[in-house]
Amino acid sequence: MLTLYGVPGWGSAISEVMLTMAEMPYHFVDVNGFDNPGPQHDVLALINPLCQVPTLRLDDGSTLTESAAIALMILDHRPDLAPPIGSPQRTLFQRLLVWLVANVYPTFTYADYPERFAPDAPEQLQNSCIAYRKTLYQWLDGQLVGPYAMGDNVTLLDAYIVVIRSWGPRAAWFTENCPRLSAIADHIEKREELRHVLRENGIFNCTKR
(Lines give C-alpha, C1' and ligand atoms only; values in the text may rest on other atoms or scores of the structure.)
Protein backbone atom coordinates (compact mmCIF):
# COMPACT_ATOMS: atom_id res chain seq x y z
CA MET A 1 0.00 0.00 0.00
CA LEU A 2 1.08 3.57 -0.63
CA THR A 3 2.30 5.50 2.43
CA LEU A 4 1.79 9.26 2.51
CA TYR A 5 3.74 11.37 4.99
CA GLY A 6 2.11 14.70 5.75
CA VAL A 7 0.27 16.95 8.17
CA PRO A 8 -3.53 17.36 8.22
CA GLY A 9 -4.52 20.56 6.45
CA TRP A 10 -1.06 21.15 4.93
CA GLY A 11 0.04 20.60 1.33
CA SER A 12 -0.21 16.86 1.80
CA ALA A 13 -4.00 17.32 1.99
CA ILE A 14 -4.00 17.91 -1.76
CA SER A 15 -2.36 14.54 -2.35
CA GLU A 16 -4.79 12.88 0.05
CA VAL A 17 -7.74 14.29 -1.88
CA MET A 18 -6.23 13.26 -5.21
CA LEU A 19 -5.55 9.71 -4.03
CA THR A 20 -9.10 9.49 -2.68
CA MET A 21 -10.50 10.75 -5.99
CA ALA A 22 -8.56 8.02 -7.76
CA GLU A 23 -9.67 5.36 -5.26
CA MET A 24 -6.02 4.49 -4.56
CA PRO A 25 -5.66 3.16 -0.97
CA TYR A 26 -2.92 4.72 1.14
CA HIS A 27 -1.68 4.80 4.71
CA PHE A 28 -1.26 8.27 6.20
CA VAL A 29 1.61 9.05 8.58
CA ASP A 30 1.21 12.32 10.48
CA VAL A 31 4.59 14.07 10.80
CA ASN A 32 3.30 17.25 12.42
CA GLY A 33 6.31 19.18 13.69
CA PHE A 34 8.60 17.99 10.89
CA ASP A 35 9.61 21.59 10.09
CA ASN A 36 11.49 21.92 13.39
CA PRO A 37 14.20 19.76 14.96
CA GLY A 38 12.73 16.73 16.66
CA PRO A 39 11.53 13.14 16.16
CA GLN A 40 9.05 13.94 13.38
CA HIS A 41 11.76 15.77 11.44
CA ASP A 42 14.04 12.77 11.86
CA VAL A 43 11.37 10.32 10.66
CA LEU A 44 10.72 12.33 7.51
CA ALA A 45 14.41 13.00 6.84
CA LEU A 46 15.06 9.28 6.56
CA ILE A 47 12.68 9.12 3.60
CA ASN A 48 13.02 12.62 2.16
CA PRO A 49 16.21 14.50 3.12
CA LEU A 50 14.55 17.76 2.04
CA CYS A 51 11.97 17.22 4.81
CA GLN A 52 8.96 18.39 2.82
CA VAL A 53 5.39 17.22 2.66
CA PRO A 54 3.84 15.50 0.85
CA THR A 55 6.26 12.62 0.68
CA LEU A 56 4.84 9.43 -0.83
CA ARG A 57 6.38 5.99 -0.36
CA LEU A 58 5.40 3.84 -3.34
CA ASP A 59 4.66 0.13 -3.31
CA ASP A 60 8.13 -0.68 -4.66
CA GLY A 61 9.79 1.23 -1.80
CA SER A 62 10.77 4.25 -3.86
CA THR A 63 9.89 7.79 -2.83
CA LEU A 64 7.88 10.36 -4.76
CA THR A 65 7.64 14.01 -3.76
CA GLU A 66 6.02 17.17 -5.19
CA SER A 67 2.24 17.24 -5.52
CA ALA A 68 2.37 17.75 -9.30
CA ALA A 69 4.54 14.64 -9.70
CA ILE A 70 2.11 12.71 -7.51
CA ALA A 71 -0.72 13.96 -9.72
CA LEU A 72 1.05 12.67 -12.83
CA MET A 73 1.61 9.29 -11.18
CA ILE A 74 -2.09 9.11 -10.31
CA LEU A 75 -3.04 9.94 -13.89
CA ASP A 76 -1.08 6.89 -15.05
CA HIS A 77 -3.67 4.86 -13.13
CA ARG A 78 -6.69 7.12 -13.61
CA PRO A 79 -6.36 9.07 -16.87
CA ASP A 80 -10.02 10.06 -16.58
CA LEU A 81 -9.08 12.54 -13.84
CA ALA A 82 -7.69 14.92 -16.47
CA PRO A 83 -9.25 16.21 -19.70
CA PRO A 84 -8.81 14.06 -22.83
CA ILE A 85 -5.43 14.14 -24.55
CA GLY A 86 -5.47 16.58 -27.46
CA SER A 87 -8.28 18.72 -26.10
CA PRO A 88 -7.84 22.43 -25.30
CA GLN A 89 -8.85 21.64 -21.73
CA ARG A 90 -5.92 19.20 -21.46
CA THR A 91 -3.47 21.95 -22.37
CA LEU A 92 -4.99 24.28 -19.78
CA PHE A 93 -4.96 21.49 -17.18
CA GLN A 94 -1.24 20.91 -17.74
CA ARG A 95 -0.49 24.61 -17.60
CA LEU A 96 -2.42 25.25 -14.40
CA LEU A 97 -1.05 22.16 -12.64
CA VAL A 98 2.51 23.40 -13.08
CA TRP A 99 1.52 27.05 -12.58
CA LEU A 100 0.06 26.34 -9.14
CA VAL A 101 3.18 24.70 -7.77
CA ALA A 102 5.57 27.11 -9.50
CA ASN A 103 3.80 30.33 -8.55
CA VAL A 104 1.46 29.86 -5.59
CA TYR A 105 3.49 27.43 -3.47
CA PRO A 106 6.54 29.72 -3.09
CA THR A 107 4.37 32.43 -1.55
CA PHE A 108 3.70 30.06 1.34
CA THR A 109 7.34 29.06 1.68
CA TYR A 110 8.43 32.67 2.11
CA ALA A 111 5.38 34.01 3.96
CA ASP A 112 5.27 31.16 6.48
CA TYR A 113 8.98 31.40 7.33
CA PRO A 114 9.95 34.99 6.45
CA GLU A 115 12.63 35.14 9.13
CA ARG A 116 14.60 32.48 7.27
CA PHE A 117 14.77 34.49 4.06
CA ALA A 118 14.63 38.12 5.20
CA PRO A 119 15.84 38.23 8.82
CA ASP A 120 16.09 42.03 8.72
CA ALA A 121 12.58 42.58 7.35
CA PRO A 122 10.47 39.43 7.85
CA GLU A 123 7.15 41.27 8.17
CA GLN A 124 7.71 43.15 4.92
CA LEU A 125 8.48 39.92 3.06
CA GLN A 126 5.45 38.20 4.57
CA ASN A 127 3.07 41.03 3.64
CA SER A 128 4.44 41.24 0.10
CA CYS A 129 4.05 37.50 -0.44
CA ILE A 130 0.47 37.48 0.84
CA ALA A 131 -0.47 40.45 -1.36
CA TYR A 132 1.11 38.79 -4.40
CA ARG A 133 -0.67 35.51 -3.65
CA LYS A 134 -4.01 37.31 -3.79
CA THR A 135 -3.24 38.61 -7.28
CA LEU A 136 -2.34 35.06 -8.36
CA TYR A 137 -5.65 33.69 -7.10
CA GLN A 138 -7.56 36.44 -8.87
CA TRP A 139 -5.77 35.59 -12.12
CA LEU A 140 -6.58 31.90 -11.65
CA ASP A 141 -10.22 32.73 -10.97
CA GLY A 142 -10.41 34.30 -14.41
CA GLN A 143 -9.17 31.13 -16.11
CA LEU A 144 -11.96 28.88 -14.82
CA VAL A 145 -15.55 28.44 -15.89
CA GLY A 146 -17.11 25.89 -13.49
CA PRO A 147 -18.80 23.93 -12.17
CA TYR A 148 -15.38 22.26 -11.78
CA ALA A 149 -11.95 23.63 -12.67
CA MET A 150 -12.02 22.16 -16.18
CA GLY A 151 -15.76 22.38 -16.79
CA ASP A 152 -18.34 19.67 -16.27
CA ASN A 153 -15.99 16.86 -15.18
CA VAL A 154 -13.98 16.67 -11.98
CA THR A 155 -10.18 16.55 -12.38
CA LEU A 156 -7.18 16.49 -10.08
CA LEU A 157 -7.00 20.28 -10.28
CA ASP A 158 -10.13 20.41 -8.17
CA ALA A 159 -8.19 18.82 -5.31
CA TYR A 160 -5.90 21.83 -5.30
CA ILE A 161 -8.78 24.31 -5.33
CA VAL A 162 -10.76 22.83 -2.45
CA VAL A 163 -7.65 22.74 -0.25
CA ILE A 164 -6.17 26.15 -1.06
CA ARG A 165 -9.55 27.77 -0.37
CA SER A 166 -9.05 26.73 3.27
CA TRP A 167 -5.62 28.43 3.45
CA GLY A 168 -4.82 32.13 3.72
CA PRO A 169 -6.44 34.50 2.87
CA ARG A 170 -9.29 32.11 3.89
CA ALA A 171 -12.72 31.27 2.57
CA ALA A 172 -14.43 34.62 3.16
CA TRP A 173 -11.86 36.41 0.99
CA PHE A 174 -12.29 33.83 -1.78
CA THR A 175 -16.06 34.25 -1.69
CA GLU A 176 -15.75 37.99 -2.22
CA ASN A 177 -12.76 38.15 -4.56
CA CYS A 178 -12.59 34.78 -6.36
CA PRO A 179 -16.20 33.62 -6.79
CA ARG A 180 -15.40 30.92 -9.35
CA LEU A 181 -12.73 29.34 -7.15
CA SER A 182 -15.07 29.50 -4.19
CA ALA A 183 -17.95 27.91 -6.11
CA ILE A 184 -15.70 25.10 -7.40
CA ALA A 185 -14.54 24.37 -3.85
CA ASP A 186 -18.19 24.24 -2.76
CA HIS A 187 -18.91 21.65 -5.48
CA ILE A 188 -16.00 19.49 -4.36
CA GLU A 189 -17.09 19.64 -0.72
CA LYS A 190 -20.45 18.20 -1.78
CA ARG A 191 -18.91 15.05 -3.24
CA GLU A 192 -19.77 12.24 -0.84
CA GLU A 193 -16.62 10.22 -1.55
CA LEU A 194 -14.43 13.13 -0.44
CA ARG A 195 -16.20 14.18 2.73
CA HIS A 196 -14.16 11.99 5.06
CA VAL A 197 -10.75 13.07 3.76
CA LEU A 198 -11.82 16.73 3.73
CA ARG A 199 -13.13 16.45 7.27
CA GLU A 200 -9.90 14.77 8.45
CA ASN A 201 -7.95 17.71 7.04
CA GLY A 202 -10.19 20.37 8.57
CA ILE A 203 -11.47 21.43 5.15
CA PHE A 204 -15.04 20.16 5.00
CA ASN A 205 -17.54 23.01 5.49
CA CYS A 206 -14.65 25.43 6.02
CA THR A 207 -16.93 28.32 4.98
CA LYS A 208 -19.02 27.71 8.09
CA ARG A 209 -16.13 27.90 10.57
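The values are calculated or read from the model by the stated rules, or taken from the named source; none is laboratory data. Here the structure is a predicted model, which means the values were calculated and not measured. Every residue, glycine among them, receives a Cβ derived from its backbone with ideal geometry; neighbour counts consider all protein chains shown. We work out accessible area using only protein heavy atoms, side chains counted, and drop any ligands, DNA or RNA first. Shrake-Rupley method; radii C 1.70, N 1.55, O 1.52, S 1.80 Å.
Once Rg and the Kirkwood radius are both taken over the C-alpha atoms of the range 159-209, their ratio Rg/Rh works out to 0.93. May I ask you to work out the translational diffusion coefficient for the range 92-209 at 10 °C, viscosity 1.306 mPa s, via Stokes-Einstein with Rh from the Kirkwood sum over Cα pairs, reported in whole µm²/s? For these conditions, the coefficient is 107 µm²/s. What the range 24-88 shows is 56 Å² of accessible area per residue, with the surface traced by a 1.4 Å probe over protein heavy atoms. For the chain, with all protein chains in place and a probe radius of 1.4 Å, 53% of the accessible heavy-atom surface sits on carbon or sulfur. Distant-in-sequence amide contacts of VAL29, defined by a placed amide H-H separation under 5 Å and a gap of 5 or more residues or a different chain, comprise LEU4, TYR5, GLY6. Computed on the range 89-168, with alpha-carbon pairs under 8 angstrom and 6+ residues apart, the relative contact order is 25 percent. In percent, rounded to a whole number, the relative contact order of the chain is 20, using alpha-carbon pairs under 8 Å and six or more apart. The calculated pair-distance distribution of the chain uses every alpha carbon pair, bins of 5 angstrom beginning at 0, and gives 1, 7, 15, 18, 21, 18, 12, 6, 2, 0 percent. Its DSSP H runs of at least 4 residues, each contributing -39,500 (n - 2.57), put the calculated 222 nm mean residue ellipticity of the chain at -15000 deg cm²/dmol, to the nearest 500. Can you compute log10 of I(q)/I(0) for the range 11-90 with the Debye formula, treating each Cα as one identical point scatterer, at q = 0.18, 0.22 Å⁻¹? Debye output, listed in q order: -0.77, -1.04. Whole-Hz Karplus ³J(HN,Hα) for the range 187-201, in order, using 6.51 cos²θ - 1.76 cosθ + 1.60 and θ = phi - 60°, x for Gly and Pro? After applying 6.51 cos²θ - 1.76 cosθ + 1.60, I find 4, 5, 4, 7, 6, 4, 5, 9, 4, 5, 5, 5, 5, 5, 9 Hz.
Taking the square roots of 5 times each eigenvalue of the Cα gyration tensor of the range 72-130, largest first, gives ellipsoid semi-axes of 36, 12, 6 Å. About its Cα centre, the chain has a charge dipole of approximately 540 debye under the convention of +1 per Lys or Arg Cβ and -1 per Asp or Glu Cβ, with nothing else charged.
Backbone geometry of the range 138-150 corresponds, through the Karplus equation with coefficients 6.51, -1.76 and 1.60 at θ = phi - 60°, to 3J(HN,Hα) couplings of 5, 5, 4, 4, x, 8, 10, 10, x, x, 10, 4, 9 Hz, x marking Gly and Pro.
Computed with a 1.4 Å probe over protein heavy atoms only, the accessible surface of the range 108-153 comes to 60 Å² per residue.
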